[in-house]
Amino acid sequence: MGGCICAAYKLVVVSFVEWGACALLEICAAICVDACIARTRARSTAVFGDNIMKKSSTIYHPIFIVGAGRSGTTLLYNLLAMHEDVCWFSNLTEKRPSWPWLATTHRLVDLPVLGQWMKRQFWQRTRPSLRPSEANRIYHAYVGLDNGRFLSENDLTPQITHRFHHIIQTHLYYTGKTRFLAKQTTNNQHIRLINALFPDARFVHIIRDGRAVAASLARVRWWPHIRVWWLGQTPTDWATAGNDPIELCIRHWQRDVAVILENRHLFADRYLEIRYEELVESPGTTIGQILAFVGLADTAEFRRLLPARLTNMNHKWSHQLSAAQQRTIMQVAANMLAQLGYGVEEVA
């Protein structure tokens, strides 16, 4: 019991310093929930729907969302993260990968009323204090993946294998879930390594009109400073050398989509392709297809959390991009756009 109190104390202190008072209230609630589980394990079924001690931390059919950045990968991640059987890396566990018990805080989303409210915040762009995360720190600093280049099965090391498996297993254990869900944009260039790490993984590839992706990518604040994995330099370096910034955006979309399509034969029936446009038009239908594919129950509890419809942001590119930028995009990517079924009307 003393160890539990000590862990709770550490969590409260770290929460107050790093995450603020709002997060602290949520974390304190999680500590209370976890303390109840520790005292009455036999009664945990009544609170969480299953006995945590009977849950397995075996990594079974992990689910990886892949797709070019700005294609709706985060939206899809946040929608699927509401499912009652999945766990994920969060903004809290990313901060301290060496403290696996932080995943206990995820149990807040399993509570009646409060949990449903928190889950809906995932996709409503409100950035709640507890939310699914890409977890860059876990992938790169803790597991040891190099996000600046393509990684294949030949780059797999015992350390990467041990750390990746361990951190997923601890999340499964402390959350009491049966399935793991991940979204990390760099998984596109790590897709072969991930397939070697998890031979039974399910890959869900979301594709969006490259023109909308390029227009969106050009406007996000982090884009100028990242090292583009297939280029070996940043977008700022590219522009400084006198190159067209929008050309790099559309080429990046091409490369991200292409690397997934070129390797999909490795996954056979473990690969599903969906479209952003279909997801926002009919979330329930598209999510239903994904649930059937990955083997998650299509429950009324989950369905109640899904939006009936989402806003399609594709209309923005036509007025965000100048005629010159649109011509550049078509010169670079007209063939791929057409192959994927996107209209390639001529630009004046």
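Under the classification rounded if a/c is under 1.5, otherwise prolate if a/b is larger than b/c and oblate if not, where does the stretch 124-176 fall, given a ≥ b ≥ c as square roots of the Cα gyration tensor eigenvalues?
Details: a/c = 3.15, a/b = 1.47, b/c = 2.14.
Note, shape of the stretch 124-176 comes out oblate.
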For W317, W123, order by how many other beta-carbon atoms lie within 10 Å, fewest first: W317, W123
Selection from L306, G232, V204 lying farthest towards where the dipole of the stretch 200-325 points positive, charges on Cβ: L306
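Suppose every Lys and Arg Cβ carries +1 and every Asp and Glu Cβ carries -1, with no other charges. What dipole size does the stretch 206-347 come out with about its Cα centre, to the nearest 20 debye? Present the calculation step by step, with values, prior to reporting the outcome.
Values: 15 positive and 15 negative charges, 73 e Å.
Its charge dipole is roughly 360 debye.
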At R0 = 56 Å, FRET efficiency that the Cβ-Cβ distance of H165 and R327 yields, to 0.05: 0.70
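Taking neighbour counts of Cβ atoms within 10 Å as a proxy for exposure, in what order, fewest first, do E273, E262 appear? Working shown, then result.
Numbers: E273 14, E262 11.
Final ranking by Cβ density, sparse to dense: E262, E273.
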Estimated vicinal HN-Hα couplings, Hz - the stretch 60-70 in sequence order (Karplus 6.51, -1.76, 1.60; Gly, Pro = x): 10, 6, x, 10, 10, 8, 10, x, 4, x, 6
For the stretch 269-328, the Rg and Dmax computed from alpha carbons only, in angstrom: 16.1, 49
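List the trypsin sites (Lys or Arg not before Pro) within the stretch 92-173 that fall in a DSSP loop (any state other than H, G, I, E or B) and whose Cβ has at most 12 other Cβ atoms within 10 Å.
Numbers: sites: K95, R107, K119, R120, R125, R137, R149, R163; in loops: R125, R149.
Those that pass, being in a loop and sparsely packed, are R125.
How large is the charge dipole for the stretch 205-272, taken about the Cα centre, if only the Cβ atoms of Lys, Arg (+1) and Asp, Glu (-1) carry charge, to the nearest 20 debye? Write out the running numbers ahead of the final one.
Details: 9 positive and 7 negative charges, 38 e Å.
For the stretch 205-272, the charge dipole is close to 180 debye.
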Percentage relative contact order, the stretch 210-271, counting C-alpha pairs under 8 Å, at least six apart: 33 percent
Rounded to the nearest 20 debye, dipole of the stretch 156-257 from Cβ charges on Lys, Arg, Asp, Glu: 340 debye
Residue order, fewest to most beta carbons within 10 Å, for C249, C87: C87, C249
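The numbers here are math on the coordinates, done by the rules we state, and not lab data. As the structure is a prediction and not an experimental result, all values here were calculated from the model. A quick note on method: Cβ atoms are made from the backbone with ideal geometry, for glycine too, and the neighbour counts reach across all protein chains shown.
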